[in-house]
Amino acid sequence: MSASEKELQEFRAEVSAWMKENNPPDPGFLLPQTFMEVGDERQLEFLREWQHKIWAAGYLGMAWPKEYGGRGLDPVYQSIADQEMRRHAVPICFNVIGLGWAGPLINDIGTEQEKARYLKGILTADDVWCQGFSEPDHGSDLGSAQLRAVRDGDEYVLNGQKIWTTMGNFAKYMILLARTNPDAPRKYDGLSFFLSPMQVPGIEARPIRKITGEFGFTETFFTDARIPADCLMGEEGQGWKIAMQTLQYERGAEAGAAGGLSMVRVTVDDMIDQLDGVMRDGEPVLRDAVVRDQLVQAIMEEKAMVLCDRRSRIGALTNDYPGSLPLSSKLRLTEMTRRMRQLAINLQGAEGALYVGDDEARQGGFWQRAYFNSFSATIGGGTSQVQANIVAEHILGLPK
C-alpha cells in the first residue's frame, strides 16, 4: 500500500469520526431536502451554521486556494469528505449556487479582486448567492433574455424580471445575465454577465409557493436598480460565453465545486428498507415477482450511474466521446431520481396517497415530498428535453 493511499484512508477515518460526532440532532422542524427548499429564517440559520461548521473543520472548499478560504489540497480529499457526508446523512450545504457555480467560475476566470471579494464568504456561508438567468418569457431560451443593463457613469441601471431565482430573498449576490446591447447583430452578442449585489434599492425578490407547500424559489423584479460598474464580469458582450461556462458547472460537466451535499441522497436500498412491511393482496410487496423485477432494474440503473461517474475520470475510457458522461450525467441522474421516487410511492399502495403531516404516512411522507421536489432538478440547469438536445447535438453530432 502506497503512502498516499494510507493517507487517504486515514483522512477518511478522520472525516467519518468528525461527521459522526458533529452530525446535528433533529432541530424539531422540517429541513430542506435540497437547496431549492430553503423557505424560512429557521432553516436558513440552521443550515448557515452547519455549513460554517463544516468549513471551519476544514472539510469544505478543500481544493480552493488557501488565500481565499480553502486548503489548496488535491480534489480527491474533497471527494472523500463529500462521500462521508453522504454516508453519515448529514444536512445539506445550502449555498450551492455559490459553492457549485459562482465560486468555480470566479476561481477559474475571475480577477484577483473578485476572488478576494467573493470566495471566502461563499465557503463560510456568510454570503448567500442566487442565479438570475431565466425570465418569465425566456426560460430555457437564455439567449433571448431581455432584462436591461444600461451603463450610466460608474453604474449600471437594471430593469426587468428574473424567475426561479432560488433563495433570492436571502441572497447577498446574484450571478446575472442581462442585455447591455439590444441592437447587437446576434442576440447572444448583446448579453453581459454581472456579479450583482441583491440588497440595493429597486431589487425585490418575492417567494414562490410550490406544490409541496414550501418556498425556495423566488421571482425577482428590477426597477431602476443601480449596481456598481465593476460588478461586470469580463467585458460587455461576453455574457453568453460566461453563462455557458457557468452552466457547465451546474450540469456537472466541469469540475471546481467546493463540495458538500446539495440534496438529501437516497438509494434504492433506502427505498427497499422503507417498503418492508408493505402488503399487497395479503403478501409482502417485496415478494411480488413484478416488483422484484422493477427493483432489480432500479438497482442496475443506480449502479450504472456510479460506474459511469468512475469511468468519466479515466481519459482512456472516454476517448470515443470526450465529455459525454459528465455532460449527460445531469440528465441521467435527475430522471433516474424522479423515477425511483415515483416507484417508492407506487409500491406503498394506498399509503402512497398520504403526505407530510399525515400520521399514517410512511417515513413521515418523505418519499412523497421527495418525489414532488425531484421535478425541480429536471428543470433547473436546462430541462431534460434541453439536456437531451445538448447530448444529441454536441456529443453525438446529430443535426438540430
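Quick look at the numbers
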{"quantity": "Residues (assigned to a strand (DSSP E or B) and on the phi > 0 side of the Ramachandran plot) located in segment 147-161", "calculated": "160"}
{"quantity": "Output for segment 301-360, where each listed residue is over 23 Å from the mean Cα position of the chain (by Cα), free of Cβ contacts under 8 Å to residues at least 60 places away in the same chain and under 24 Å from residue 381 (Cα atoms)", "calculated": "318, 322"}
{"quantity": "Residue, surrounded by the most Cβ atoms within 10 Å (Cβ to Cβ), within segment 240-293, restricted to residues that are part of a loop (DSSP other than H, G, I, E, B) and among the aliphatic types (A, V, I, L, M)", "calculated": "258"}
{"quantity": "Enumeration of residues in segment 73-101 that are in contact with a helix residue (DSSP H, G or I) (Cβ under 7 Å, 6 or more places away or on another chain) and either under 20 Å from residue 166 (Cβ atoms) or free of Cβ contacts under 8 Å to residues at least 24 places away in the same chain (or both)", "calculated": "91, 92, 93, 94, 95, 96, 98, 99, 100, 101"}
{"quantity": "Among (1) under 20 Å from residue 250 (Cα atoms); (2) in contact (Cβ under 8 Å) with a residue 12 or more places away in the chain; (3) in the same structural domain as residue 180 (by TED's automatic domain parsing); (4) surrounded by fewer than 16 Cβ atoms within 10 Å (Cβ to Cβ) - the single one residue 141 does not satisfy", "calculated": "(2)"}
{"quantity": "Qualifying residues in segment 209-218 (those that are more than 18 Å from the chain's Cα centre (by Cα) and within 13 Å of residue 40 (Cα to Cα)) - the one surrounded by the fewest Cβ atoms within 10 Å (Cβ to Cβ)", "calculated": "209"}
{"quantity": "Residue 259 modelled with pLDDT under 90 and more than 30 Å from residue 150 (Cα to Cα)", "calculated": "no"}
{"quantity": "Members of segment 171-193 that are of a type in the set (Lys, Arg), assigned to a loop (DSSP other than H, G, I, E, B) and within 28 Å of the chain's Cα centre (by Cα)", "calculated": "172"}
{"quantity": "Filter pass, residue 306 being at pLDDT 90 or above and either among the β-branched types (Val, Ile, Thr) or under 28 Å from residue 386 (Cβ atoms) (or both)", "calculated": "no"}
{"quantity": "Pick from segment 361-384, criterion over 23 Å from residue 96 (Cβ atoms) and in contact (Cβ under 8 Å) with a residue 24 or more places away in the chain, ranking: farthest from the chain's Cα centre (by Cα)", "calculated": "362"}
{"quantity": "Hits in segment 11-40 (condition: part of a helix (DSSP H, G or I) and modelled with pLDDT under 95)", "calculated": "35, 36, 37"}
{"quantity": "Lone unmet requirement of (1) without any contact (Cβ under 8 Å) to a residue 24 or more places away in the chain; (2) in contact with a Gly (Cβ under 9 Å, 6 or more places away or on another chain) for residue 237", "calculated": "(1)"}
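For every residue, the table says whether it meets (1) more than 22 Å from residue 140 (Cβ to Cβ); (2) out of contact with any helix residue (DSSP H, G or I) (no Cβ under 8 Å at 6 or more places or on another chain).
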{"site": "198", "(1), (2)": "yes, yes"}
{"site": "202", "(1), (2)": "yes, yes"}
{"site": "211", "(1), (2)": "no, no"}
{"site": "218", "(1), (2)": "no, yes"}
{"site": "223", "(1), (2)": "yes, yes"}
{"site": "242", "(1), (2)": "no, no"}
{"site": "247", "(1), (2)": "no, yes"}
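The values are calculated or read from the model by the stated rules, or taken from the named source; none is laboratory data. Worth saying up front: this structure is predicted, and the values here are computed from it rather than measured. Here Cβ is always computed from backbone atoms with ideal geometry, including for glycine, and neighbour counts include all displayed protein chains.
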